Amino acid sequence: MTVVEEGAAVRTRMTVVLGSLLLLCGCGTSTVLPEADPVPTPYDGPMRVEQNFDDPAVLARSGAAGRALECDGEPYNGGGGDYDSGLESVQDDAAAALEDYFDNEGWAARWPDDGYRVEREDDDRVLMSWDVDQRTKVAFVVADGIRDYNGDRGWGVESWAQCNYAELTAEEIAELGVQVWEDRDGTLVPTTEVTSYAGPEHCDWQDITFLRLGGEVKGRQFLRDVDGELAEQTRSTYDGSATLPDAARDTGFHREGRELWVTRDAAYLVDLSDPGDVERWPEAEEPILCG
């Protein structure tokens, strides 16, 4: 078990009586499993934690959900519902509220939208978790009494939190389209260190692969832009038959048979089985974002 910060709630081994919980999630949807086994070590910390959405720290933004995570590394992201926006609306029960949140916030494009189970029920709050090997990697605290943009009161997502993509199952990583890299030992590397992904379709960049190295804020961005659609915004050009420069530095990361090297203006993807097979991916002059 990983403790996410000093003073964060820990788990104690206890038995959960599911009675009313199974009735809660027996709603015919796969979002919340209707007959899930009891969680062997349920979260035993506070279910009400004040959230500060202006604070960049995940635990400050994610409330009780952040404290319910069992990440191997640092929590990746977190927040809460936005019932003033006109997107999600309050529901009659917790499971319906979670499903409504997924439907209206585009959650399925980022994280699993099914396979959750009720981990704990505490008065007017329910903790729902998505687990890997009995460890919580995504958590939602759903609360009763939330008011939405219509002025209605009911169940809604109060807080949510997630571990890094690299801590999901291989099947889920592939389904979400996240390209997770490995280090020299074959261990999956958090996407905060390195990740790659296909460009968004709504900008017609789906044939371009973006690679981010060193974090979202101060990291470097490289592009596999075969047709040069964004060449005016990069420091060099794509080359599918490049030569690895002497000055290139081995990052130690690899994925799908290619290892990652970098220079001051490009990334080089070297075939592990044929070191002469090298691709050059140019670095973006400034972060390239789809509007």
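The values are calculated or read from the model by the stated rules, or taken from the named source; none is laboratory data. Please read all numbers here as calculations on a predicted model, not as lab measurements. Every residue, glycine among them, receives a Cβ derived from its backbone with ideal geometry; neighbour counts consider all protein chains shown. Only protein heavy atoms, including side chains, enter the accessible area calculation; ligands, DNA and RNA are left aside. Shrake-Rupley method; radii C 1.70, N 1.55, O 1.52, S 1.80 Å.
Would you compute, from DSSP H runs of 4+ residues alone, the mean residue ellipticity of the chain at 222 nm, taking -39500 (n - 2.57) per run and dividing by the full residue count, rounded to the nearest 500? Present the calculation step by step, with values, prior to reporting the outcome.
Values: 4 runs with 37 residues, N = 291.
Value at 222 nm, helices only: -3500 deg cm²/dmol.
Within segment 67-109, which GluC sites (Glu not before Pro) sit in a loop by DSSP and count at most 11 neighbouring Cβ atoms inside 10 Å? Don't skip to the end; give the middle numbers.
Values: sites: GLU70, GLU88, GLU99, GLU105; in loops: GLU70, GLU88.
Passing both the DSSP loop test and the Cβ count: no residue.
As a length-normalised measure over Cα pairs under 8 Å and 6 or more apart, the relative contact order of segment 199-251 settles at 21 percent.
When the Cα positions of GLY145, VAL189, TYR165 are compared along the charge dipole of segment 145-201, GLY145 comes out farthest toward the positive end, with charges on each C-beta of Lys, Arg, Asp and Glu.
What percent do you get for the relative contact order of the chain when only Cα pairs under 8 Å and 6+ apart count?
Numbers: 655 pairs, mean separation 36.6, N = 291.
Relative contact order here is 13 percent.
With springs only between Cα atoms under 10 Å, which of ASP93, ASP123, ASP277 fluctuates most in a Gaussian network model of the chain? Maximum fluctuation in the GNM of the chain, among the listed residues, is at ASP123.
Remark: the THR237-ASP250 segment gains 2.7 nm on full extension, using 0.36 nm per residue and subtracting the alpha carbon distance.
Normalising the average separation of contacting C-alpha pairs (under 8 angstrom, six or more residues apart) by the number of residues puts the relative contact order of segment 119-165 at 29 percent.
Going through segment 196-291, which trypsin sites (Lys or Arg not before Pro) have at most 14 other Cβ atoms within 10 Å and a DSSP loop state?
Taking segment 196-291 and a limit of 14 other Cβ atoms within 10 Å, the loop trypsin sites (Lys or Arg not before Pro) found are LYS218, ARG235, ARG264.
Between ASP44 and ASP185, the C-beta separation translates, for a Förster distance of 45 Å, into a calculated FRET efficiency of about 0.85. Only one of the values (i) 23; (ii) 35; (iii) 27 was calculated from this structure for percent of Cα pairs over 32 Å apart; name its label. Entry (ii). Expressed as a whole percent, the accessible area of the chain that falls on carbon and sulfur atoms is 44 (1.4 Å probe).
What does the charge dipole of the chain about its Cα centre add up to, to the nearest 20 debye, if the Cβ of each Lys and Arg holds +1 and the Cβ of each Asp and Glu holds -1?
Numbers: 24 positive and 62 negative charges, 157 e Å.
Here the size comes out at about 760 debye.
Under the combined filter of DSSP loop state and at most 12 neighbouring Cβ atoms within 10 Å, segment 143-251 retains these GluC sites (Glu not before Pro): GLU216.
Is the shape of segment 83-141 best called rounded, prolate or oblate, per the rule: a/c under 1.5 gives rounded, else a/b larger than b/c gives prolate, else oblate, with a ≥ b ≥ c the square roots of the Cα gyration tensor eigenvalues? In terms of gyration-tensor shape, oblate.
Diffusion coefficient (Stokes-Einstein, Kirkwood radius over C-alpha pairs, 10 °C, 1.306 mPa s) for segment 154-243: 104 µm²/s, rounded to a whole number.
Helix 94-105 against the longest principal axis of the chain: what's the angle in degrees, Cα atoms only, rounded to the nearest 10? So the helix axis and the longest Cα principal axis differ by about 30 degrees.
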